[in-house]
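Visitor: Have a look at the structure that comes next, please.
Every number in this text was worked out from the coordinates using simple rules, so none of it is lab data. Since this is a predicted model, take the numbers as computed values, not measurements. No Cβ is skipped: glycine too gets one built from the backbone with ideal geometry, and neighbour counts run over all protein chains shown.
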Amino acid sequence: MSKYKRVLLKLSGEALMGNDTYGINTEVLNTYALQVKEVVDQGVEVGIVIGGGNIFRGLSGVSKGFDRVKGDQMGMLATVINSLALQSTIESVGGKAKVFTATKMEPVGELYSKAKVLEAFRQGYAAIIAGGTGNPFFTTDTASALRGVEIEAEALLKGTRVDGIYTADPEKDPKATKYNTITFDQAYEQRLKVMDLTAFTMCSENNLPIVVFDMNTPGNLKKIVFGENIGTLVKK
Ligand code: UDP
């Protein structure tokens, strides 16, 4: 039996680059797709929100002279590109995935609604929820918190390149140790970077636990979903 029946998986755009400096690394994408398929095959309902930082970030557009709102819209479109890439790869490894978008974009993806996502779950699809929140000045961390709460996920799984939350930056401080579990209050008081503050607050206020884990190690998503003690769990 899985520990979680329904999860929201947040994947950063940057992680999709792998060791490249820009864009989508197909090897990384393939390992992500296989991991998603592996847990969907076990009957777990998986919603996915992907970032866009591997292609475009609104703030970096501002430094190049773009208007912030336009830059953020470009960033949100970048998340749609990543979402289509993941959908296509999940299909190519034999899985099923649907893309929902925060703003109208048919036929690229169906307009997001909670009911459509739940229906997709019933039909055995992973639901990739693209386009962030649809609003500028937000992040995909916040989009994942929002969608996680909306679809009543039991946990928000934040797949990153590091294996959890540390007392300090492990690359700078050799004495840094990893937390297995930490409360929202402790994480806040210690100013630990779990997610951006808007996303963190949303999860905390709605009692949506966050698991930070290393998604780049194949099999880890399944381990988390089946309750193995890896990564860091942030809860009430
Ligand atoms: N973005 C936005 N509203 C949202 C989500 C994302 O405007 O609700 C834009 C924003 O410009 C952001 C970009 O999309 O920089 C890419 O998202 P994010 O930086 O969260 O991606 P990640 O860091 O996870 O790769």
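Visitor: Taking one equal scatterer on every alpha-carbon of the range 52-107, how large is log10 of I(q)/I(0) by Debye at q = 0.14, 0.18, 0.29, 0.30 1/Å?
Guide: So the normalised log intensities are -0.45, -0.65, -1.07, -1.10.
Visitor: Using helices alone, I'd like the mean residue ellipticity at 222 nm for the chain: each DSSP H run of four-plus residues gives -39500 (n - 2.57), total over residue count, nearest 500.
Guide: Numbers: 8 runs with 87 residues, N = 236.
One gets -11000 deg cm²/dmol as the mean residue ellipticity at 222 nm.
Visitor: Further, regarding this structure: Around Met195, what is the net charge, scoring Lys/Arg as +1 and Asp/Glu as -1 over all other residues with Cβ under 11 Å from its Cβ?
Guide: +1
Visitor: A follow-up question, please. At 1.567 mPa s and 4 °C, plugging the Kirkwood radius over alpha-carbon pairs of the range 28-81 into Stokes-Einstein gives what diffusion coefficient in µm²/s?
Guide: 101
Visitor: Please report the equivalent ellipsoid semi-axes of the chain, computed as sqrt(5 x eigenvalue) of the Cα gyration tensor, largest first, in whole Å. Kindly include the intermediate steps, with their values, before the conclusion.
Guide: Numbers: eigenvalues 118, 99, 62 Å².
Ellipsoid semi-axes (Å, largest first): 24, 22, 18.
Visitor: Then there is this: If you split all Cα-Cα distances of the range 189-235 into 5 Å bins from zero, what percentages do you get per bin, shortest first?
Guide: Going out from 0 Å in 5 Å bins, the range 189-235 shows 5, 19, 27, 20, 17, 10, 1 percent.
Visitor: Excluding residues on the same chain fewer than 8 positions from Lys5, give the lysines whose Cα lies under 25 Å from its Cα.
Guide: Cross-link targets: Lys37, Lys96, Lys98, Lys114, Lys116, Lys158, Lys222, Lys223, Lys235, Lys236.
Visitor: I would also like to ask the following. Apply the membrane-span-like helix rule to the chain: whole DSSP H runs, Cα extent along the own long axis of at least 30 Å, mean Kyte-Doolittle hydropathy at least 0.5. List the helices found.
Guide: What comes out of the filter, once short or polar helices are dropped, is none.
Visitor: Just add up the charged neighbours of Gly61: K/R +1, D/E -1, any other residue whose Cβ is under 11 Å from the Cβ of Gly61.
Guide: Computed value for this residue: +2.
Visitor: Shifting gears a bit: Below 17 Å, Cα to Cα, which aspartates and glutamates can Lys175 reach? Residues fewer than 8 away in the same chain don't count.
Guide: Here the aspartates and glutamates satisfying the reach criterion relative to Lys175 are Asp163.
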